[in-house]
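First up is the structure itself, then whatever we jot down about it.
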Amino acid sequence: GLGRRRRTPRRAAEMPVITLPDGSQKSFEQPVTVDAVAASIGAGLRKAALAGRVDGKLVDTSYTIERDARLEIVTDKHPAALEVLRHSTAHLLAQAVQSLFPDAQVTIGPVIEDGFFYDFAREEPFSLDDLPKIEAKMKEIVDRDIPILREVWPRDEGVRYFNSIGEHYKAEIIEGIPRSEQISVYKHGNQWMDLCRGPHLRSTGALGKAFKLTKLAGAYWRGDHRNPMLQRIYG
């Protein structure tokens, strides 16, 4: 842990050399975010950056690179772009649903082969007539261009917080994470948050409006018919 980091050579720890896909290298005087590397290449690239891939790992543009690393800037032309866009759109869907239906609890919202879905716990079922209303709310949230911020919390704090706001499914998910691990949450400003590994876009405005909600389905919590039936919205 900390002992190993202290023995890292000073230059490698504090003056990262970033290797770009074309083999070129950029040196920085101190740890640097993906966003700052993109900006150092050009304002256009910084604006187009959706995420980064650092040594193969997909990360937010706010991710800080502390050591020598290989970096790809993920723009909409990158093979990983669609995954990040769909992931952030699933969060957009969840915020819109909870804004319109405050009784809905969020559970999981993954990216799938042809889009994304989010499962909600709600006593009254959604109807197909709800989908256009939810889409309209999603577009309204895009127009507000809310910053998307990542925070790291102690696991137990996450369990306590999500239980306190009635998000018992999220608390159960966190309880399955080893006690020694931290969790990450993504906030849409101070208006909404979700437990998630990420990465996500820098703001809701960066998502644009090229999304469509397509269908409803039922799904058991954790795929077990003995558990409650959830409501799945596909997009």
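Roughly how big is segment 56-155's charge dipole about its Cα centre, with Cβ charges of +1 (Lys, Arg) and -1 (Asp, Glu), in debye to the nearest 20?
360
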Cα to Cα, under 19 Å, and not fewer than 8 places away if on the same chain: which lysines meet these conditions relative to K215? K133, K137, K139
Separation of the D129 and R179 label points, Cα + 7 Å toward Cβ, nm: 5.1
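Taking 0.36 nm per residue of sequence separation and subtracting the Cα-Cα distance, how much length would be gained by fully extending the chain between R226 and T19, in nm to one decimal?
On the way: separation 207, 0.36 × 207 = 74.52 nm, distance 5.10 nm.
Answer, rounded to one decimal: 69.4 nm.
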Would any residue of segment 172-198 have its amide N under 18 Å from a label point 7 Å out along Cα→Cβ of N163? List them or say none. 172-183, 195
Label-zone membership for segment 187-214, site W153, 7 angstrom Cα→C-beta point, backbone N under 18 Å: 187-200
About its Cα centre, how strong a charge dipole does the chain have in debye, to the nearest 20, once Lys and Arg get +1 and Asp and Glu get -1 at the Cβ? 840
The alpha-carbon center of segment 49-120 and that of segment 137-177 are separated, in whole Å, by 14
Ranking G176, V152, M138 by how far each Cα lies towards the positive end of the charge dipole of segment 133-177 (+1 on Lys and Arg Cβ, -1 on Asp and Glu Cβ), the top one is M138
Using alpha-carbon coordinates, inclination of helix 155-164 to the longest axis of the chain, degrees: 30
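Normalised by the number of residues in segment 43-125, what is the relative contact order in percent for Cα pairs under 8 Å and 6+ residues apart?
21
Can you tell me the relative contact order of segment 95-206? Whole percent, Cα pairs under 8 Å, sequence separation 6 or more.
Details: 150 pairs, mean separation 30.5, N = 112.
Answer for segment 95-206 is 27 percent.
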At a Förster radius of 22 Å, what calculated FRET efficiency corresponds to the Cβ-Cβ distance of D145 and A81, to the nearest 0.05? 0.70
Average Cα contact separation per residue, the chain, under 8 Å, 6 or more apart, as relative contact order %: 18
Subtracting the Cα-Cα distance of K26 and T214 from 0.36 nm times their residue separation yields 63.3 nm
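Read the figures in this text as sums done on the coordinates, not as results from a lab. Because the structure is predicted, anything quoted here is derived from the model rather than measured. Note that we place each Cβ from the backbone using ideal geometry, even for glycine, and neighbour counts take in every protein chain shown.
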